[in-house]
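The values are calculated or read from the model by the stated rules, or taken from the named source; none is laboratory data. Just so we're clear, the structure is a prediction, and the values are computed from it rather than from any experiment. Note that each Cβ is placed from the backbone with ideal geometry, even for glycine, and that neighbours are counted across all protein chains shown.
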């Protein structure tokens, strides 16, 4: 592997310049104003794959933003891996909080600052640069490699599952390796082996057919905010636990390695509350309890509520309608359809007389993801990280949702390893997002060694 690693070191500056050019493209997927930039970024990404040596590269049209597929599969009897990433980014707002222009990359203290550099353009560029090295040095790969790069991850991947299902024969592989994801801490190597699922709802309650004068009708007319808040409050007990019947009845036990990781990580509960700007509770829960809640418990959270008048000053009205946005993070065994059904039954039963109820589901949702703890390729990846980073990575879960693991398992029948060199402190989705160039360097060596090892039959 010395030839590949040496080439990567010699050409590091060129790789960084390519990453900077990638980050200059404002590929914001959630705002239609950036649609032309999305297209330019898809074309840039396809061109990058072609220059890296992929003989077959195609921009795949979807009902939303395009995906890109690359294929280099000319090693007979060798396994095939599918590399996943995304080229779209979050909006840069608020612009005034940035220390530099979000789409003009800047290097400071061995960190590259730009929107999308950590999520996911930097981590995605790493395997592409590694394939480039194999192409330039050897002219061949030790393994068959396919790539799928989507443009809608930051907007919930609404068309990704359908794209994978439609192209499942073309995307067939032995293993998926995701460049997207993150290590939990910069000083603590980790492998994400589980993430929570997601389902989203909007609940609306209607009383009278119009807002009413609170003096004329107060005390007699139905108040939609009062009804809705009572219904919402009935979904948790005083400790914040979800009390919707059947909500977590189908949940399964977590990987014991994740439970051990929670115990070993020495999470500082007090510092956590300080960092989020919330008062420390008394008594202060343990760090183990907090991480268990974040990684291994399902949630039902209220994300927004509206109704009546919320402008400046006072308006004496009784609101005719009120609504709330709800999202649930799901753990292994929970099904989005069943969770929605259980919540619907609860809210229908809690609806007071004299009101109507409307529940709108936002998207299909996604199940939780968990990786087979005995997967040989997972152990190989952990060995690679141990050699490069100097300590055995912890197996950790993710409280957030990355639906791709469940998508690939359902449509391709394979597991997904998250092999990203982003870390959770790099301010992705926030102003001044950055990516450590040390991670860029380590990542290229790690990916090169991983591809080499998988080519030796460790799948």
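In table form, for the structure just shown:
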{"item": "Search result, residues across the range 156-169 that are surrounded by 14 or more Cβ atoms within 10 Å (Cβ to Cβ) and either on the phi < 0 side of the Ramachandran plot or at pLDDT 95 or above (or both)", "result": "158, 159, 160, 161, 162, 163, 164, 166, 167, 168"}
{"item": "In the range 49-62, residue farthest from residue 15 (Cα to Cα) [restricted to those that are touching a helix residue (DSSP H, G or I) at 6+ places or on another chain (Cβ under 6 Å) and in contact (Cβ under 8 Å) with a residue 24 or more places away in the chain]", "result": "62"}
{"item": "Scan of the range 210-239 for residues that are outside any helix (DSSP H, G or I) and either surrounded by 11 or more Cβ atoms within 10 Å (Cβ to Cβ) or in contact (Cβ under 8 Å) with a residue 40 or more places away in the chain (or both), ordered by number", "result": "210, 211, 212, 213, 218, 221, 222, 223, 234, 235, 236"}
{"item": "Scope the range 196-209; condition within 24 Å of residue 89 (Cβ to Cβ) and outside any strand (DSSP E or B); matching residues", "result": "196"}
{"item": "Unique residue being in contact with a helix residue (DSSP H, G or I) (Cβ under 6 Å, 6 or more places away or on another chain), assigned by TED's automatic domain parsing to the domain that holds residue 416 and not in a helix (DSSP H, G or I) when the list is 68, 81", "result": "68"}
{"item": "Filtered residues of the range 332-350 (kept if in contact with a strand residue (DSSP E or B) (Cβ under 7 Å, 6 or more places away or on another chain), surrounded by fewer than 17 Cβ atoms within 10 Å (Cβ to Cβ) and over 25 Å from residue 252 (Cα atoms))", "result": "348"}
{"item": "Boolean, residue 387 is without any contact (Cβ under 8 Å) to a residue 60 or more places away in the chain and in contact with a helix residue (DSSP H, G or I) (Cβ under 8 Å, 6 or more places away or on another chain)", "result": "no"}
{"item": "Tally, over the range 390-420, of residues that are under 22 Å from residue 130 (Cβ atoms), surrounded by fewer than 17 Cβ atoms within 10 Å (Cβ to Cβ) and touching a helix residue (DSSP H, G or I) at 6+ places or on another chain (Cβ under 8 Å)", "result": "0"}
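Listed here are the residues, each with its yes/no results for (1) in a loop (DSSP other than H, G, I, E, B); (2) out of contact with any helix residue (DSSP H, G or I) (no Cβ under 8 Å at 6 or more places or on another chain); (3) outside the structural domain of residue 446 (by TED's automatic domain parsing).
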residue	(1), (2), (3)
14	no, yes, no
21	no, no, no
43	no, yes, no
64	yes, no, no
